[in-house]
Amino acid sequence: MSRSEVALLLVAVVVAAIGYVYAYIPDEVPVGVALRPDNEKLVSDGATLYTLHCAECHGENLEGQPNWQRRDADGYLPAPPHDETGHTWHHADELLFRMTKYGLAELAGGGYKTNMPAYADVLSDEQIVAILSYIKSRWPKNIRERHDQLNQRASR
């Protein structure tokens, strides 16, 4: 599969996931989910939770796994980075929350192959927000600003 085909496939999966999120996932997400990367206590809690639940796959420094854009022999994508080199910051807060709470397989549907678990039965909503706030707190200022703009557009 060529790089352009992989990129097109990733875009299609993201678009499908977004559509599914808004059409089929119950509205159990707190209204106005917003990450709070400037809240020191929340970010500190998020760092601890990230280490316990996320770092094994996504890396201690949010670096992800090698070749994260290429499926392995079994059809799974390695864990992507959550730093500025990945695509995490391309998604609005609410979608990031839903991906974490419900898992990618539930959002994408259609037997989507992923090793990313759902955390609905593991983490509270506030713990998910803490982890995501920690991740965002690590992004450079320009990436955080772009993510803030994306959230403004998504809330319209």
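Throughout, read-outs are computed from the coordinates displayed, never taken from laboratory work. Please read these numbers as outputs of a predicted model, since none were measured by experiment. Neighbour counts run over all protein chains shown; Cβ positions are idealised from the backbone, glycine included.
Quick look at the numbers
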quantity: Residues satisfying the stated conditions in segment 121-154, i.e. in contact (Cβ under 8 Å) with a residue 40 or more places away in the chain and β-branched (Val, Ile, Thr); calculated: Val122, Val129, Ile131, Ile135, Ile143
quantity: Selection status of Gly46, closer than 24 Å to Ala154 by Cβ, out of contact with any Pro (no Cβ under 8 Å at 6 or more places or on another chain) and exposed (fewer than 14 other Cβ atoms within 10 Å of the Cβ); calculated: no
quantity: Matching residues in segment 93-146 - criterion: being part of a helix (DSSP H, G or I), under 18 Å from Val43 (Cα atoms) and among the aromatic types (Phe, Trp, Tyr); calculated: Phe97, Tyr134
quantity: Residue that is among the small types (Gly, Ala, Ser), touching a residue at least 12 places away in the same chain (Cβ under 8 Å) and in contact with a Ser or Thr (Cβ under 9 Å, 6 or more places away or on another chain), where the choices are Ala79, Ala118; calculated: Ala118
quantity: Number of positions in segment 50-102 that are more than 16 Å from Thr114 (Cα to Cα) and aromatic (Phe, Trp, Tyr); calculated: 3
quantity: In segment 110-156, residue nearest to Ala34 (Cα to Cα) [restricted to those that are surrounded by 13 or more Cβ atoms within 10 Å (Cβ to Cβ) and small (Gly, Ala, Ser)]; calculated: Ser133
quantity: Members of segment 105-119 that are farther than 15 Å from His58 by Cβ and either among the basic types (Lys, Arg) or under 14 Å from the mean Cα position of the chain (by Cα) (or both); calculated: Ala105, Glu106, Leu107, Ala108, Lys113, Ala118
